[in-house]
Amino acid sequence: MKWIKWSCYGVLGLIAAGLLTTAALYLYFKDELPSVEELKDVRLQTPMQVYSADGELIAQFGEVRRIPLKLDDIPQPLIDAFLATEDQRFYSHYGIDPIGVARAVVQLILTGDIQGGGSTITQQAARNFYLSFEQTFTRKIKEAFIALRMESELSKDEILELYLNKITFGHRAHGVGAAAQVYYGRDVKDLTLAQMAMIAGLPKAPSTMNPISNPQRARERRAVVLGRMLDEKKITTEQYRQALAEPVETRFHGPEVTMNAPYLAEMARAEVVGIYGEEIAYTSGLKVYTTANAKQQRAAQMAVQENLHAYDERHGYRGAEAVWWQADAAAPERAELVQRLRSIPSIGLTLPALVLAVDEQQATVLLGDGREQLLEWTDINWARAYMHAERQGPAPLSASEILAVGEQIRIRLVGERWRLAQVPEPSAAIIALRPQDGGIAAVVGGYSFTLSQYNRAIQAQRQAGSNIKPFLYSAALENGFTLATLVNDAPINQWNPGSGIAWRPRNSPDVYEGPITVREALAKSKNVVSVRLLRALGIETAVNYLTRFGFNINDLPRNESLSLGSGSLTPLEMARGYAVFANGGYLVNPYLIERITDSFDQEIYRARPAVACMECEQSGRDVTQAAQVISEQNAFLLTQMMHSAVWGGGSWAHRTGWNGTAWRIQRSAELVRHAGRNVVGKTGTTNDIKDTWFSGYVSGLVTTAWVGFDNLERALGSTSLNSNLSEGEQEVSGAEGGAKTALPMWIKFMEIASQDVAAEAFQVPPGLVSARIDLDTGLLSRNTDHTSRFEYFLPGTAPTQYSEEKSSPDPFDDDDSIF
């Protein structure tokens, strides 16, 4: 009896010592443990996602990939797999499993080391949220205390939900939602039993047991999970056998990006990081909704890429990227060829391919996925040899003149046919804005983000060329000119005694028509008329006026070359300037982010752009009105002039048969079908043809397109710097280089974009009068035939004399006269 008594005392003493030790340890680590508030406010690190305005995922930013799920959204078999494998007694213990602890103690006694395993799901959740993964007594003690506190403050379901959303599965996947996407490219609800078991087995060793890195070990681990589910009677024997027999088929799946728009995504990322900082931006689960429309963004991407390929094909084939073996040598093993091809990236629309056979008028090529494709003659016969920008070799007669066995080339898919291709040498950009508030509807900054992350739409300052002219003409209207004012379209020869050089600006083409109205001069982009208008205004007056459109005064040269567009602007700046004409005279601020929500879908940011609104204040609308920088009447008159650039002279075009430089728009049946004749715009080309532009608009969308060469050495072995686009891109018919190079890209985009925006007729604003004028003199006319037309005027600016009464001398005797 005495022995039993002392044994009881000993047990009680050990219990007391244990309690005292536990209390002492708790007091020691108390300050390092998470508070109750922290436990109840657990925030999962979730990447930032960028969406289009209509909800398509554009990009995801952040090291951790996670798709938070509610426990109710996780299939029960997947939950059963985790419980059977990690913690069978999860719903019966209090955070620490005595049986598991006893097993860990035995392992410690036998090995002398702290072994992994034995931790409950609660302990694993505690470790994943608050602790490191080092195997130390200190970490184990903290883990136990945190687990006990979690059990006291959170329900079992809440703990299990946190655990399933937090744990790591390899390949940057955190949580079961991300694991299902990374390994199988599907939602958790669509997983098979075998796939659920595979995922449930990953937390033990995610880097070495995942099915991508080690399929065999992953299969063995899956079998263990299925066996434990069978033991726990969570599956039947038949389900076990079927799942065990299912092959291990998986590959890495990236984020579920449904729209590829990398330039736009990078703009959004940079802006969000600027607002919130990197830590919050990349880990807080922000959802960023942009102003860009998915349909219009896709149209912009395709327009840029296809237009550049069209340009490149016009200028000839530069040859193979590499030669892997000579035609008379033995080819390497096919498996080796496929492996090498897979290591070569696709660029834009082009894929790497290897020429396997060349026949008379066709060729067979190998792709990186192991498929062979036939290139028909119609898909390779464009490839005249490139000699230089102005010259190509003769048209090929056979495929062997173009391709040879063993050559590494590029191809692209056009419709259902593969076509010989090459990475285009020029660059391009396009940007579209909503003129009423500046929202960016679409933006593409280059042919391929993989090739160059330089966003030419917002970063490239390029000479504006003739695209600057509408702003100069706006200044002229503000200073007494009218659409009917005659200006002399005649050569200018100005001697500069300082430099000893004569300045001779020329039209493009080099054709002069004498007296010409301001409307027709802009429509035909007459360079010498722009010079004369600038002279009439004065350089300082013109420069100061152009800043109304948001242009930096330091980017505008203070000399007469300003009239020809020697100032450098970005496509975004250009589009913003044209938006002033489209919206009735208001300068809007371009913006990209419409709203941002947090991980709980609560809105934390919404844009409040200043809008172009003539009656905002009177109507009581809760909006900010954009600054009005030119009058509504001035904007309408410029729209009228640019209407003539597209549609010519209307009913009086038969007199001379002339068209404006943007006449190609008339041929676009799709664009005309959606927008009618309510499309206006202006071409632009620099004197050296290094930059070509087109800016234009309908009432609901303004778009600027640019094509040119970068100021850097270009990819794939190009050796020319800042090259021009070749004289061939200009046309004898009178259309500028912008009309042949940039305008087709603009048209291709607007054919799609115009389907979903307003394209109404531009209404005549109050305060304008109309009068019939004589086209030869710009004076009033009593004729009603093709020699006259109605023209719009600001009050007090219409001519008062009739052309039939004119008897004054010819005002154009002096070639350098303005009027």
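The table below lists the values:
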read-out	value
Residue check, Leu433 touching a Leu at 6+ places or on another chain (Cβ under 9 Å), at pLDDT 95 or above and within 26 Å of Ser343 (Cα to Cα)	no
Yes/no for Ala735 being closer than 26 Å to Val698 by Cα, modelled with pLDDT of 90 or more and within 36 Å of the chain's Cα centre (by Cα)	no
Identity of the residue in the range 483-525, farther than 30 Å from Thr797 by Cα and among the hydroxyl-bearing types (Ser, Thr, Tyr), that ends up most open to solvent (accessible area, probe 1.4 Å)	Ser499
Residue that is least open to solvent (accessible area, probe 1.4 Å), among those in the range 544-566 that are of a type in the set (Gly, Ala, Ser) and assigned to a helix (DSSP H, G or I)	Ser563
Qualifying residue in the range 470-491 (condition: touching a residue at least 60 places away in the same chain (Cβ under 8 Å), under 20 Å from Trp693 (Cα atoms) and charged (D, E, K, R))	no
Residue match in the range 400-410 (condition: among the polar types (S, T, N, Q), part of a loop (DSSP other than H, G, I, E, B) and over 25 Å from Lys295 (Cα atoms))	no
Condition broken by Asn589, with the remaining ones in (1) within 23 Å of the chain's Cα centre (by Cα); (2) assigned to a loop (DSSP other than H, G, I, E, B); (3) under 30 Å from Val529 (Cα atoms) satisfied	(3)
Checking Asn507 against (1) more than 25 Å from Ser644 (Cα to Cα); (2) in a loop (DSSP other than H, G, I, E, B), the condition it does not meet	(1)
Total residues in the range 211-268, condition more than 21 Å from Phe169 (Cβ to Cβ), touching a residue at least 60 places away in the same chain (Cβ under 8 Å) and not in a loop (DSSP other than H, G, I, E, B)	8
Every pair of residues 6+ apart whose Cβ atoms lie under 7 Å, when the first sits in the range 378-394 and is open to solvent by 80 Å² or more (accessible area, probe 1.4 Å) and outside any loop (DSSP other than H, G, I, E, B) while the second is modelled with pLDDT of 95 or more and among the hydroxyl-bearing types (Ser, Thr, Tyr)	Tyr386/Tyr317
Flag for Ile596 being outside any helix (DSSP H, G or I), open to solvent by 30 Å² or more (accessible area, probe 1.4 Å) and modelled with pLDDT of 95 or more	no
Contacts under 6 angstrom Cβ, first residue in the range 299-311 being touching a residue at least 24 places away in the same chain (Cβ under 8 Å), partner open to solvent by 20 Å² or more (accessible area, probe 1.4 Å), 6 or more apart	Ala299/Ile752; Ala303/Lys748; Gln305/Gly348; Gln305/Leu349; Asn307/Pro744
Residue among Gln461, Gln422, Gln436 that alone is open to solvent by 10 Å² or more (accessible area, probe 1.4 Å), touching an Asp or Glu at 6+ places or on another chain (Cβ under 9 Å) and within 28 Å of Ala627 (Cβ to Cβ)	Gln461
Enumeration of residues in the range 171-192 that are on the phi > 0 side of the Ramachandran plot and either open to solvent by 10 Å² or more (accessible area, probe 1.4 Å) or without any contact (Cβ under 8 Å) to a residue 12 or more places away in the chain (or both)	His171, Arg172, Gly185
Single condition Gln326 does not satisfy, out of (1) touching a strand residue (DSSP E or B) at 6+ places or on another chain (Cβ under 9 Å); (2) open to solvent by 40 Å² or more (accessible area, probe 1.4 Å); (3) modelled with pLDDT under 95	(1)
Any hit, the range 707-721, residues being surrounded by 24 or more Cβ atoms within 10 Å (Cβ to Cβ) and either over 18 Å from Glu390 (Cα atoms) or at pLDDT 75 or above (or both)	yes
Index of the failed condition, Ala331 passing every other in (1) modelled with pLDDT under 95; (2) open to solvent by less than 40 Å² (accessible area, probe 1.4 Å); (3) touching a Phe, Trp or Tyr at 6+ places or on another chain (Cβ under 7 Å); (4) of a type in the set (Gly, Ala, Ser)	(2)
Any chance Pro515 is assigned to a helix (DSSP H, G or I), touching a strand residue (DSSP E or B) at 6+ places or on another chain (Cβ under 6 Å) and not aliphatic (A, V, I, L, M)	no
Neighbours by Cβ (under 9 Å, 6+ apart or cross-chain): first from the range 618-639, exposed (fewer than 15 other Cβ atoms within 10 Å of the Cβ) and among the polar types (S, T, N, Q); second at pLDDT 90 or above and not in a helix (DSSP H, G or I)	Thr624/Arg608; Thr624/Pro609; Thr624/Ala610; Thr624/Val611
Residue within the range 750-762 that is at pLDDT 90 or above and in contact with a Pro (Cβ under 9 Å, 6 or more places away or on another chain) present	no
In the range 763-793, the residues that are open to solvent by less than 50 Å² (accessible area, probe 1.4 Å), touching a residue at least 24 places away in the same chain (Cβ under 8 Å) and not polar (S, T, N, Q)	Pro765, Gly767, Leu768, Ala771, Ile773, Asp774, Leu775, Gly778, Leu779, Arg789, Glu791, Phe793
Test for Ala281: is it part of a helix (DSSP H, G or I), modelled with pLDDT of 95 or more, open to solvent by less than 60 Å² (accessible area, probe 1.4 Å) and not hydroxyl-bearing (Ser, Thr, Tyr)	no
Any hit, the range 337-347, residues being touching a strand residue (DSSP E or B) at 6+ places or on another chain (Cβ under 8 Å), over 27 Å from Asn307 (Cα atoms) and not in a loop (DSSP other than H, G, I, E, B)	yes
Residues located in the range 284-322, provided they are open to solvent by 60 Å² or more (accessible area, probe 1.4 Å) and part of a helix (DSSP H, G or I)	Lys295, Arg298, Met302, Glu306, Arg314
Odd one out for Thr692 among (1) in contact with a Gly (Cβ under 8 Å, 6 or more places away or on another chain); (2) at pLDDT 95 or above	(2)
Residues of the range 342-377 satisfying the condition of being in contact with an Asp or Glu (Cβ under 7 Å, 6 or more places away or on another chain) and without any contact (Cβ under 8 Å) to a residue 40 or more places away in the chain	Gln362, Thr364, Leu366
Residue list for the range 197-231, restricted to those being aliphatic (A, V, I, L, M) and buried (at least 20 other Cβ atoms within 10 Å of the Cβ)	Ala197, Met198, Ile199, Ala200, Leu202, Met209, Ala218, Val225, Leu226, Met229
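The values are calculated or read from the model by the stated rules, or taken from the named source; none is laboratory data. Just so it is clear, the structure is predicted and the values come from calculations on it, not from any experiment. Please note: Cβ atoms are built from the backbone with ideal geometry, for glycine as well, and neighbour counts cover all protein chains shown. We work out accessible area using only protein heavy atoms, side chains counted, and drop any ligands, DNA or RNA first. Shrake-Rupley method; radii C 1.70, N 1.55, O 1.52, S 1.80 Å.
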